Every structure is written in C-alpha cells, then in structure tokens.
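A short reminder: the numbers here are calculations on the coordinates, not readings from a lab. Predicted, not measured: the structure shown is a model, and the values here were computed from it. Every residue, glycine among them, receives a Cβ derived from its backbone with ideal geometry; neighbour counts consider all protein chains shown.
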Amino acid sequence: MVIYSIVIPIYNEEENIREMYRRIVEVMEKLEGETEVILVDDGSSDRSLHFMREIHQRDRRIRYISFARNFGHQIAVTAGLNFVRGKVTIVMDADLQDPPELILDMVEQWRQGYQVVYAQRISRKKENWFKRFMAYSFYRILRILADVDIPADTGDFCLMDKQVVDVLNSMPERNRYIRGLRAWVGFRQTAVQFERDPRFAGKEKYTFGKSLGLAINGIVSLSKMPLKLATYLGIISATVAILMIFMVLYWRLIDLATPLIGYTLITIALFFLGSVQLLCLGILGEYIGRIYEEVKGRPIYTVKEISNSE
Ligand code: UDP
Ligand code: MG
C-alpha cells in the first residue's frame, strides 16, 4: 500500500528532472513505507516528457501524467492530486527551489497528528528585490482581503493528509488557487520553515504576467471585498458631490466675490469618475469571467498520456 505520494508539476524542466529525481530518491530511501511520485507534465515543449518516460521505465515508483497542452501550474497540481494513492501527499516544484529534504520534517509533523503541513519561506535567496517586494506585499494584502486566514509566505510546497486531498478533489471549481483552497478546508495545520533555494537550472516559468494573474486569481477566489469597492467609492464620491453643491450655493448666494470654479475641476472630476467606473467594471468582469468559466463546465485539463503501468 502506498503511504507517500509526491506530486511534482513540470513545465519545460529538462535541465532539472534528473537532478530532482536523484534528490527525491535520496529522500524516498529515508521514508519508511512505500512511496510514489506523480510527475505532471504541463504540456512541456522540451524533452521533459522524454526524461519522465525514461525515469518511469527504470523506476516504477515514478508515475506520470502528460497534459495535451499547457494548463498552468495550479491545474497541474490539481491533476496530480487526482491521481495520488498515498495516505499522505506532498506537493513540490520541479526546480529544486523547494528542498526535497524538508519532506522528512513535514512527515514528522504529520506523524504528530497535523493534516496539513505547509512550508513557510523565511528567506528567498537570490530572487530579485522586485519579485520579493511584490510577493511580500501580495501575501499581506491577501491576508487582509481574504475570508480565510492564509499564512503569509507560503507557496504550494506542502504535505496533505488523504482526508484533505479527498476534500480538495471533491471541490468542482475550475479556478484553482491551491494554497487558498488548502487554507479554506481547515483541518489541523502547521508550518515548517525553510529557506527558499534558487532554481537549480533553467528559467522561471512564472513571468510577471503569470504571477499577476495568479495573484488576482487568489484574491478573487477568496474574497468578495473588491466587489464592495464600487459601493465604497460611490459613497465617497457622492459625499464629495454633496459638499460641492453646498460650496457652490454658498458662493452663489452669500460670498459673491469668489468666482465659480471652472473647466479644470470639471475635467478632473470627469476623468476621475470615468476611471473609477471603469475600474469597478473591470473588477465585476473578473468575477463574471470566472462565473462564465465555471458554468461552461469544461474539463479542467486534458490528458494525452499516462505512464503505462496504470
Ligand atoms: N509550472 C507548471 N506549469 C506552468 C508554469 C510552471 O507546471 O505553466 C511548474 C514548473 O515547472 C515548476 C513549478 O510549476 O515546477 C513552479 O514554477 P516556477 O519555478 O517557474 O515558479 P516560482 O518558483 O517562481 O514560483
Ligand atoms: Mg521555481
């Protein structure tokens, strides 16, 4: 019976796969009990899938799924979770930024009775200040906005008990922000801390655009607060407008010396209100777009190949 399942999403990681396999095997040796690894190829265009097949041929504990195209990191993790058989599942990146050795500490916590053990970064080595700053601010904004308490500086690197994985698998939503859903489900959770290593090789797959997309996804999937923004802005601008009516009345009826304010103010007000309205429309759009995605009810991913021992 499989005890440990390790899920690893892979998108064009040909330079990392072999080294990752080597490090994972070292950890597997130290784990007592049967272990399986689920590699999820997220539509790689390099030789990643080739290496995955090769490793599977040699070592049947390594299984793989390959997507018919790139669906994104969160969906790859979702697919991995759909295929695991273990009593406990670990999710980690393929680029060795998440040190596999930490799995041993996580398992220790699991043995203590925790059902979710997430890895919390205490530092990010060699990532540029802009990314660090954005990540730092994002996690703190999310904490303020979200309906659930999401621990700061945690990514998808974590361990989850089968009970938690089953709940995640039963959630039908298509927009999957795993670390948010993981916090949302509850259960006994704890952190283990680690220093995030730099990538072993290859380029980061999260471009600025993708990271921003993930961030918006996180906020929209966990909070309805932005929707209220329109209401608040509306109240503020109405208050300003009422004050201005009184000002104008005062100048017209009592203080006749002051000339009435002219075009500049009107132009500014026009642009300001116009942009506030567009912003609010955009926010509405984010939510409606997601409703549309959910309603279409398409499969979350399409699989083109599964390791042949299935
Ligand atoms: N990844 C993926 N699909 C994507 C982008 C990334 O499966 O569309 C995988 C990638 O191969 C890696 C993990 O997700 O294993 C994290 O990606 P990356 O290292 O680029 O992100 P970061 O470390 O900056 O969070
Ligand atoms: Mg990385």
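Using a Förster distance of 41 angstrom, determine the FRET efficiency expected from the C-beta separation of residue 233 and residue 152, and round it to 0.05.
Details: r = 28 Å, r/R0 = 0.67.
It comes out at approximately 0.90.
With +1 on the Cβ of every Lys and Arg and -1 on the Cβ of every Asp and Glu, and nothing else charged, how large is the dipole of region 95-167 about its Cα centre, in debye rounded to the nearest 20? Intermediate results must be reported in sequence, preceding the final value.
Values: 10 positive and 12 negative charges, 90 e Å.
Dipole size: approximately 440 debye.
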| Inter-label distance for residue 143 and residue 291, nm, one decimal - labels placed 7 Å from Cα along Cα-to-Cβ | 3.2 nm
| said: Give me the dipole magnitude in Debye, nearest 20, for region 1-152 about the Cα centre, with unit charges on the beta carbon: positive for Lys and Arg, negative for Asp and Glu. | reply: 200 debye
| message | Quick one: the Cα spread of the chain along its three principal axes, in angstroms, biggest first? | response | 91, 39, 37
| Gaussian network model of the chain, Cα within-10 Å springs - most flexible of 295, 248, 165 | 248
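Quick one: length gained pulling residue 60 to residue 247 fully straight, 0.36 nm per residue minus the C-alpha distance? Spell out each step's value before the answer.
On the way: separation 187, 0.36 × 187 = 67.32 nm, distance 7.89 nm.
This chain segment gains 59.4 nm when fully extended.
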| request: Choose one of 20, 271, 189: the residue whose Cα lies farthest towards the positive end of the charge dipole of the chain (beta-carbon charges +1 Lys, Arg; -1 Asp, Glu; about the Cα centre). | output: 271
| What's the exposure ranking of 67, 200, going from fewest to most Cβ atoms within 10 Å? | 200, 67
| note | In whole percents, the bins of 5 Å from zero upward hold the Cα-Cα pairs of region 118-162 as 5, 20, 25, 25, 15, 7, 3, 0
| note | Note: region 17-128, point scatterers on Cα, Debye, no solvent; log10 I/I(0) at q = 0.17, 0.18 Å⁻¹ equals -0.93, -1.04
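For a footprinting-style exposure proxy, rank 171, 28, 160, 134 by other Cβ within 10 Å, fewest first. Provide the component values of the computation, followed by the final result.
Numbers: 171 12, 28 21, 160 31, 134 15.
Going from least to most buried by this count: 171, 134, 28, 160.
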| query | Which of 212, 170, 202 sits farthest toward the positive end of the charge dipole of the chain, with +1 on the Cβ of Lys and Arg and -1 on the Cβ of Asp and Glu? | reply | 212
| How many angstrom separate the Cα center of region 282-310 from the Cα center of region 100-177? | 22 Å
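Using the number of other C-beta atoms within 10 angstrom as an exposure proxy, rank 131, 228 with the fewest first.
Listed from fewest to most nearby Cβ atoms, that is 228, 131.
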| query | Given the rule -39500 (n - 2.57) for each run of at least 4 DSSP H residues, summed and divided by the residues of the chain, what is its mean residue ellipticity at 222 nm, to the nearest 500 deg cm²/dmol? | reply | -16500 deg cm²/dmol
| task | From the P(r) of region 113-221, can you give the percent of Cα pairs sitting at distances over 19 Å? | result | 49 percent
